[in-house]
Amino acid sequence: MGSPSKTLVGGTGEAGNWSDLPKSEILAELERVLESHHFSASRKCSRFLRHIVEAAAEGRFDCLKERTLGVDVFEREPHYDTNQDPIVRGTAGEVRKRLAQHYLEGGGSNLRFTLPPGSYLPEVHLVTPPVTKEPVPVPAPALEPVKLEQRNWLPIQAATAVALCLAVAAGVWFWPRPTALDRFWAPILQRNSVLVCVGQPQLYTFRPDTARTLNSWFDTDLDSRPSVPPAPVPTNEIVPMWNSPVALADAQAITGLANLFAKKGKRIDLRGERLVSLSDLRGKPAVLVGAFDNDWTLNFTRDLRFYFDSDPRTHTQMIRDRQGPNSTDWKLVEAWPPGREISKDYAVVTRVVNRTTEQSIVILAGIAQYGTDAAAEFVTDPDYFKQALANAPRDWSRKNVQVVLSTRVLSGVGGPPTVVAVYFW
């Protein structure tokens, strides 16, 4: 990357004082940055960067303040507590990191956006490539001709050929061969990044006053707690949090996947299931994490042999087998909330070419959190994965596959995955 020849930024005032460049060039560079994978994967960072650059280009510097950005970009209340909700500061830090990664990989044109620490006024720089001088050729010293002795080169050529063959044979012998786990992941790891779609449970919180009242009542010891509970909470005091939370087990599963993919030089494009569209899944192979908190998992496994089902009357969640529709061996009763003690959990690992997306999809999903964690261990550990191939066909790596797993749970900790059933087609 070249060195910046000129910083085209002003403080406050008219739009022209912010940059000497045409506004059209600045906005064109903005669109290029937002189309990069660093920003297309984060709707929050994209919205924030677009807002501050367009505001600066239009000379609206007064709106580039933390509270104003929280209201305008993230729809916070006008008097929200910025210390309790530092979303603007956190997003700005993430934008700085993504900009640095984007330009480090050679993205963009000869313009560069930066966001100085402690400020929400972006800067735009014009970058020129460094000037390199052509090396001055130095004449080689004259060499006197050397009279070579006549030799028989045939034995030397033969020995060289033998050594070359031995080297090639040794290279073939010692070259690391793909493991069974490598072949399982091969259809997914065809690109530099992998779309990972994680489930998002439908949770709710309350407006501040109501939350404080409820917290005070529940935090009080049972012996001293008032006998009369708080009044019923009206629906207008309930705040949905559908786009924010992610289950801890799902996050742990993603960590294992990230480590595996990093070893293979692949990046993770992580998104919540509510932020993933069908066009995203049709664009490239994907990994789905979670079952009952991930509608994509439930939809894509609905027509497969092993699929997830629930009975709201008995509060039962289960994995069903179409070849044994009356069997309910793989089930959990009243597994919610997650704090309830269970002794065993079940999961399904699926790799299938989906007919709707026309892409390969891997699904890691447990009935409860322990099953999801076991599924992630199963597809990231070659020794665990070997369990599924005891009776596999020779061409299994070119087939769709489903594996049902079980894991024992002791004191809230899941054990290793155990294969219960395997199906190739």
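One table, with the values for the structure above:
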quantity: Failed criterion for residue 194 (all others in (1) closer than 30 Å to residue 355 by Cβ; (2) modelled with pLDDT of 80 or more; (3) open to solvent by 50 Å² or more (accessible area, probe 1.4 Å) hold); calculated: (3)
quantity: Hey, residue 333 β-branched (Val, Ile, Thr) and within 17 Å of residue 409 (Cα to Cα) or not; calculated: yes
quantity: Members of segment 101-121 that are in a helix (DSSP H, G or I) and either more than 21 Å from residue 40 (Cα to Cα) or open to solvent by less than 20 Å² (accessible area, probe 1.4 Å) (or both); calculated: 102, 103
quantity: Residue 408 vs. criteria in a strand (DSSP E or B), open to solvent by less than 60 Å² (accessible area, probe 1.4 Å) and basic (Lys, Arg); calculated: no
quantity: Helices (runs of 4 or more DSSP H) lying entirely in segment 290-405 (those with 3 or more residues that are touching a Pro at 6+ places or on another chain (Cβ under 9 Å) and open to solvent by less than 20 Å² (accessible area, probe 1.4 Å)); calculated: 369-378
quantity: Scan of segment 205-238 for residues that are without any contact (Cβ under 8 Å) to a residue 12 or more places away in the chain, assigned to a helix (DSSP H, G or I) and surrounded by 10 or more Cβ atoms within 10 Å (Cβ to Cβ), ordered by number; calculated: 208, 211, 212, 215, 216, 218
quantity: Condition met for residue 257 (touching a Ser or Thr at 6+ places or on another chain (Cβ under 9 Å), of a type in the set (A, V, I, L, M, F, W, C) and either modelled with pLDDT under 85 or outside any helix (DSSP H, G or I) (or both)); calculated: no
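The values are calculated or read from the model by the stated rules, or taken from the named source; none is laboratory data. Please read all numbers here as calculations on a predicted model, not as lab measurements. When we count neighbours, we look across all protein chains shown, and the Cβ atoms used for this are built from the backbone with ideal geometry, even at glycine. Note: areas computed on protein heavy atoms with side chains; ligands, DNA, RNA excluded. Shrake-Rupley method; radii C 1.70, N 1.55, O 1.52, S 1.80 Å.
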